[in-house]
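Rule-based calculations on the coordinates, nothing more; no lab input. What you are looking at is a predicted structure, and each value in this text was computed from that prediction instead of being measured. Cβ coordinates were reconstructed from backbone atoms using ideal geometry, including for glycine residues, and neighbour counts include every protein chain displayed.
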Amino acid sequence: MPINQIHDANFPVDSEGRTYHVEVRRGDVANRIVTVGDPARAKLLAESLDAILFEHMSHRGFLTITGLYCGLPVSIVAIGMGFANMDFFIREVRAVVDGPMAVIRLGSCGSLSPLPNPSDIIVADRTYAITRNFGFFDAPPALDAPGGGGEIQPYLVSSTVDADAKLTRHLIDNLLKWVPKDKVYVGTAGSADTFYASQGRKDPNFNDHNQDLITQITKGQPERIAFEMEAHMLYHLARCSQIFSSSQDKVIRASCALMVYINRAGNATITPQQSKHSLEVCTKAIFDALVDDMPTQKGSVWDKVLD
């Protein structure tokens, strides 16, 4: 699509008020949001809406679908993968949404221990980031020495950030209406900046110094049960909105449900049938959790829809 004139280099918005990457303006996005990576997954979630009011794919590949669920406005935004895309999404949607926001990520993950199994659901009550330390690989001794470069580590692991307790409680309660208790786990998710090296996958074409990464990260911390790629940035920005906002209307609250696609300990993978079922139950639980959790913001652009 043609790009309209951008007027602000600090926060690019076009002459119609649309943000540059997600291409949404005020009135396009509700303050209850489900975010996924895959646009096809977003379209499947949208089949559960009562009505679709807005749908748009941006030139950067962000798909936004807004509709009504139980008569209330809900948005689904497919963002692709990684920290950067989560940052684009949260900042640009925050700029055009009135009032507090509740955001639940629905994604896939790899579990790091014999349990959970593929098709189980993990609710991430906290997250941490795993990032490649580029400086480690710049020093020639680091590439030659078996243990690397002394005090410099090849991967950096952040402190944890909590999910929103109330939203997470609603998410768990609604999942348990549809999923057996022994199929729902609550634990800490590690969000990696890459799919391969920072998640401990071996690639014979590169010297990634990650052969012991999973063991180092999880040793003595059994609550660290999954790897994925976006939740930590979501939780981090939600926390920043709470710490630095001068108004409760600008607060973002976040939680996350992860469908286990791979068990890294046993190398088991989800079947297509299991994947379809997991998506169906998570869709219902997440929409219901958002409706239970978030009152409609009065005085917003959605008043005319709800009247």
Most exposed to least, judged by fewest other Cβ atoms within 10 Å, Glu23, Glu223, Glu16 sort to Glu16, Glu223, Glu23
Please list, short to long, the whole-number percent of alpha-carbon pairs of region 107-286 in consecutive 5 angstrom bins beginning at zero. 1, 8, 15, 18, 17, 14, 11, 7, 5, 2, 0, 0
How many lysine pairs in the chain, separated by 8 or more positions in sequence or lying on different chains, have Cα atoms less than 22 Å apart? 18
Taking the Cβ-Cβ separation of Ile152 and Cys240 as r and a Förster radius of 30 Å, what is the calculated FRET efficiency to the nearest 0.05? 0.60
Given springs between every Cα pair under 10 Å in a Gaussian network model of the chain, which of Ile130, Ile152, Ile172 has the largest fluctuation? Ile152
What 222 nm value per residue comes from the helices of the chain, counting each DSSP H run with n ≥ 4 as -39,500 (n - 2.57) and dividing by all residues, nearest 500 deg cm²/dmol? -8000 deg cm²/dmol
Mind checking the angle between helix 165-175 and the chain's longest principal axis? C-alpha axes, 0 to 90 degrees, to the nearest 10. 90
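Using the count of nearby Cβ atoms within 10 Å as a rough guide to exposure, how do Leu171, Leu68, Leu258 rank from fewest to most?
Working: Leu171 31, Leu68 17, Leu258 28.
So the ranking, lowest neighbour count to highest, is Leu68, Leu258, Leu171.
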How would region 184-233 be classified by its alpha-carbon gyration tensor: rounded, prolate or oblate, with rounded meaning a/c under 1.5 and the a/b versus b/c comparison settling the rest? oblate
With Cα atoms, 0 to 90° folded angle of helix 231-244 axis to the chain main axis: 60
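Scale the Cα Rg of the chain by the rule-of-thumb value 2.2 N^0.38 Å and send over the ratio, two decimals.
On the way: Rg = 20.0 Å, N = 307, 2.2 N^0.38 = 19.4 Å.
This ratio for the chain stands at 1.03.
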7 Å from Cα along Cα→Cβ at both Lys219 and Leu44: what's the point-to-point distance in nm? 3.8
Extending each Cα 7 Å along its Cβ direction at Asn207 and Arg25, get the distance between those two points in nm, one decimal. 5.4
Using only the alpha carbons, work out the radius of gyration and Dmax of region 13-98 in angstrom. 11.8, 34
Only four residue types carry charge here, +1 at the Cβ of Lys and Arg and -1 at the Cβ of Asp and Glu. Report the dipole size of region 108-231 about the Cα centre in Debye, rounded to the nearest 20. 460
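Please arrange His7, His209 by how many other C-beta atoms lie within 10 Å of their C-beta, fewest to most. Don't jump to the answer; show the numbers that get you there.
Values: His7 10, His209 22.
Ordered by Cβ neighbours within 10 Å, fewest first: His7, His209.
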Which residue, Asp249, Asp138, Asp87, tops the fluctuation ranking in a GNM of the chain built on C-alpha contacts under 10 Å? Asp138
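How would you rank 38-44, 261-267, 103-109, 122-128, highest first, on the average number of other Cβ atoms within 10 Å across their residues? Before the final figure, lay out each step's value.
Details: 38-44: 17.1, 261-267: 15.4, 103-109: 26.1, 122-128: 23.6.
By packing density, highest mean first, the sequence is 103-109, 122-128, 38-44, 261-267.
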How far, in degrees from 0 to 90, does helix 272-293 lean away from the longest principal axis of the Cα atoms of the chain, to the nearest 10? 50
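Out of region 183-241, which trypsin sites (Lys or Arg not before Pro) are coil in DSSP terms and have no more than 10 other C-beta atoms within 10 Å?
Numbers: sites: Lys183, Arg201, Lys202, Lys219, Arg224, Arg239; in loops: Arg201, Lys202, Lys219.
Sites meeting the loop and neighbour criteria: Lys202, Lys219.
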For the chain, set up a GNM with springs between Cα atoms under 10 Å and report which of Pro73, Pro154, Pro118 has the largest fluctuation. Pro154
In nm, what is the difference between 0.36 nm times the number of residues separating Asp249 and Asn267 and their Cα-Cα distance? 2.0 nm
